[in-house]
Structures are given as C-alpha cells and as structure tokens.
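Beneath this line is the structure, given in structure tokens, with notes to follow.
Laboratory data are not the source of any read-out in this text; all were calculated from the coordinates shown. The model shown is predicted, which means the values in this text are computed figures rather than measured ones. Neighbour counts run over all protein chains shown; Cβ positions are idealised from the backbone, glycine included.
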Amino acid sequence: MRRTLFAFSALALAGGCDPGEFGSALDRAPVQVVGAPSGFESSLGADVGRTLLPMLPPVDRPKMAARLLFAATHAPGLAVADFDGNGKAQVKAAASEDLEKLGLGSIQDSSQEGISSAAWLSAPTPAGTVVLGMPNVATSPGQGAVAFLKLGVDAGGNPDFETAGQSPRFGLSAETHFGLAVAPGRVTQAAADEVIALSDRGVHVLGFPSGEVISASSCTVALPTPSDSHRSLAVADFLPDGDGGGKQEIAVGLPNQDATGPGRVVILQYASGAAALSCPIELSVPGGASPGFGTALAAVPDLNGDGKAELVVGAPPDRAYLFLSPFNLTPPKMLVFSGDAASQFGQRVALVDVDGDGNKELAVTALQADVGSTKAAGQVSMYKLDYTLDAAGNPVVVNSNAIAVVNDSNPISKTEFFGIGLAELEFNNSSPICAKGRDAHLLVVGADAGIFTFFSFAGTAVPTKAIAPDPRCFAQK
C-alpha cells in the first residue's frame with residue numbers, strides 16, 4: 001500500500017487547487033490514506049477497512065470536517081479517524097480497558113471474527129449511539145452479540161470509547177452468530193431508531209436501549225454464516241404499507257455459497273396485527289442462475305418518482321443490478337451494470353454523491369481486479385444512475401461506462417483487498433474555517449491494512465476534467 005507523497009504537478013491538476021494554499025504535497029493529494037493503528041494486526045490480516053461507519057462530527061468541534069469509525073474483523077480493534085479541513089486524519093484507537101468493557105478484550109484467537117458490522121443510531125439520545133455486530137464474541141463460542149457504545153471526549157479532547165446504557169452487550173442464547181449484520185431502522189413505526197440484527201437463524205428487530213426483541217421473522221429464512229462473516233443488509237422504505245404508516249422494510253442478501261443455484265434477496269415487512277416480519281417479496285436474477293446474487297446490497301433514494309426506495313444488488317463475479325420499485329412486477333424493472341468476471345465485480349456496492357449534484361452515484365467493487373502488474377489488488381468503479389425508458393417501458397442505462405475507476409496506485413500485493421469496504425463520508429464545510437464552502441460527500445474505500453479517502457479524482461469518461469471538486473480547496477479560501 002502507498003506510503004509516499006504524490007507528484008506535485010499531478011496533484012495540482014487532479015485537485016484543482018492553488019499550490020500556494022497548502023503546506024505540503026500531502027495536503028494537496030486527492031487521496032488520503034489512514035493506516036491500521038497498533039493492535040489491529042493479526043495472523044489473518046488487519047481487515048481494517050471492511051467495517052466503516054461514517055459519523056457526524058460533534059457540534060462542539062467546529063474545526064472537525066468529518067469523522068469515521070472503523071473496526072478490525074480478525075482482531076479486537078476499534079478506532080475513530082477525525083478529519084480536519086485539510087483532510088488530515090487524527091486516529092484514536094480504543095484502549096484495552098475500553099475493549100474489555102465492550103466484551104472484545106477477551107478475543108485472542110484471530111480465527112474468530114471481531115466486529116463484523118456497525119450502525120449509527122440517531123435517537124433517542126442527541127449524541128447518538130453506535131451499535132456493533134460481533135457474531136463470534138460471546139461467552140458461548142459462536143453465539144454472538146451486539147454491543148452499544150458512545151463516544152465521549154477525554155481530557156485532551158480526543159474521542160473516548162464508552163459503553164451506552166447499563167448493558168453494553170446483548171445476545172440471544174438460541175441464536176448462533178447473533179450480530180452477523182446490524183443496521184438502524186424504523187420497521188415498526190417506532191418514534192426512535194430500532195436495531196436490525198441478523199443471526200444464522202433469522203432477522204430480529206430490537207428496541208433500544210432495552211434490547212427487547214420486538215419482532216422476529218415468521219417466514220422461513222435460512223441465513224447460514226458466510227465464510228467471511230459478511231451478510232448484506234439494507235433497510236429503507238421499499239414497499240407500500242398496508243396501513244399507510246410509512247414503515248421501513250428489511251432487505252437481506254442470500255447468495256448461494258455452494259454455487260448450486262441462484263442467490264436471492266428477501267425483503268421482510270413488519271405486520272402490525274401479527275407483530276411479526278413476513279416476506280412478501282423475493283428477488284433473484286430472471287432467467288438464469290447467479291450464485292453470487294445478494295452478496296452486497298444498498299438502498300437508493302427514490303429514482304422513479306413513486307416515493308419508494310430502489311435497491312442495488314451485487315452479484316459477483318460480473319454483475320450489479322439496480323431494481324426499480326415496485327419489486328413485484330414480472331419481470332422486474334432493473335438496470336444491469338457489468339464487469340469482468342475474473343475481477344469479481346459486484347462484491348461490494350455503495351451510493352455516494354461524488355459530484356455534488358444531489359444525486360447518488362453507484363460505487364461497485366471488483367475485489368480481484370488487476371492493478372498494473374499486481375494481480376487481484378482490487379478496484380472500485382463509479383457509475384451514474386441516469387436511465388431512460390425504451391418503447392416497452394423498460395429502463396435502459398444512459399451511459400453504462402464508469403465515470404471513474406479508483407484503486408491504490410501502488411499496491412504491494414494481491415492480498416490488499418482494495419474495496420472490501422465502501423462508504424459515503426460527509427465532509428462538513430459549514431464550519432467557520434469553511435464558511436465559503438459547501439458540504440461534500442466523499443468516497444471512502446477500505447482495504448485490508450488501510451482506508452482511502454478520495455477528495456477528488458479524474459474521470460475516465462472525461463480524462464481532463466475532475467469528477468468532483470476537492471472540498472479542501474474552498475475550505476482554505
């Protein structure tokens with residue numbers, strides 16, 4: 001992974017900034033790299049970039065432009081990177097005593113999974129709460145748990161990891177790998193965020209902060225643990241509500257690990273009368289088998305004007321599908337994005353507004369893509385979600401070419417796993433130091449041993465023009 005400064009002339013062109021505004025070449029780099037803190041390394045690698053959780057900066061830190069929480073999956077590691085207006089990150093790793101409080105300090109065997117997923121709850125407390133999915137962390141091996149934490153501030157003004165509530169950990173004794181994936185949601189029309197948690201046996205809606213199980217799935221959904229303990233999960237308002245209440249639904253990806261048949265995506269909806277989750281919708285690839293279908297999921301804000309969210313489904317080795325609501329049409333209305341099968345295109349997907357026009361772009365990982373002479377280092381492609389309708393009313397992508405492709409320009413090995421994590425990070429330019437700027441949404445890409453934050457990148461469709469302005473340029477003016 002790159003640890004060198006970028007060339008001066010290339011930076012000035014790519015970032016579009018006045019070179020005199022910054023003190024060093026690194027400040028002008030369109031990419032910043034956060035490495036794995038001490039304690040994240042293990043015999044199986046750090047996996048520092050798989051679990052990424054963008055968070056809002058504290059209101060009492062006006063000079064902080066962005067905050068990102070990340071966690072190790074094969075070691076008991078947890079850290080926060082706070083970005084200033086120049087994009088420089090100050091990293092604070094959780095101390096061993098903090099990990100002990102969360103139930104992570106007892107992990108010694110790196111073959112166990114640590115933190116597989118994380119979610120941000122905006123309510124009921126103004127400061128917010130972080131939920132961590134820990135599918136193999138419990139007193140009983142393989143039982144799993146979720147942990148609740150909040151970020152305080154120590155004497156030096158740095159983030160301090162604290163437990164939230166009386167019970168920092170919560171598990172279900174009958175559910176193996178509880179916490180396989182977690183997400184926030186308002187599935188039962190609750191006034192505050194609920195926790196959606198997956199286990200090997202099903203889907204659970206938990207109240208916060210009590211941890212009370214509000215609802216479990218009443219439909220048969222087998223969720224065998226994937227080999228890398230990654231289960232795709234998306235929560236949004238996907239379906240019409242029978243009672244008109246605007247409840248959210250839960251989409252769960254179920255790729256076929258044995259490659260003996262197609263993968264599928266199940267969408268679960270809460271039924272108030274039965275107080276349970278039903279499964280009214282199941283998606284798969286029409287007319288063919290795709291075992292990888294469902295490997296990754298991302299909800300898309302309404303594109304077709306019906307007031308419901310759309311759904312992106314990653315289907316490696318060579319596809320990503322955008323399903324347009326309503327999902328009960330036969331055949332479904334969808335857009336297809338294609339990649340090279342050898343690159344494992346579709347392993348991860350995310351939505352990021354990289355050009356600041358208010359519309360999300362689609363980021364798709366090809367985890368085994370070659371980069372220069374380095375085989376299988378990984379890359380991420382960005383696509384516009386513009387489409388038209390053909391004569392039959394089917395959606396057609398306006399431009400199927402990637403508007404940009406990003407990677408580590410100097411990968412050190414094929415085990416880098418560039419793109420194992422994807423996230424959209426809000427870079428806050430409403431602070432006093434950025435009074436003349438505007439908010440920007442940055443693409444964050446996780447790799448095994450580091451995290452790449454892209455402030456600007458040139459487009460392959462228009463090589464001489466940057467896709468997005470570097471927000472640090474106007475942060476300095």
Difference of contour (0.36 nm per residue) and Cα-Cα distance, ALA391 to ASN328: 20.6 nm
Pair ALA155, ALA342: separation of 7 Å Cα→Cβ label points (nm): 5.9 nm
Built amide H within the under 5 Å cut-off of LEU422, gap 5+: GLY446
Set LYS88/LYS384; LYS247/LYS360; LYS308/LYS333; LYS88/LYS150 screened for pairs whose C-alpha atoms are more than 18 Å apart: LYS88/LYS384; LYS247/LYS360; LYS88/LYS150
Chain lengthening between GLU100 and LYS63 when straightened (0.36 nm per residue, less Cα-Cα): 10.2 nm
Förster-model FRET efficiency, 25 Å R0, ALA191 and ASP306, C-beta, rounded to 0.05: 0.45
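At a Förster radius of 25 Å, what calculated FRET efficiency corresponds to the Cβ-Cβ distance of TRP120 and ALA275, to the nearest 0.05?
Between TRP120 and ALA275 the formula returns 0.40.
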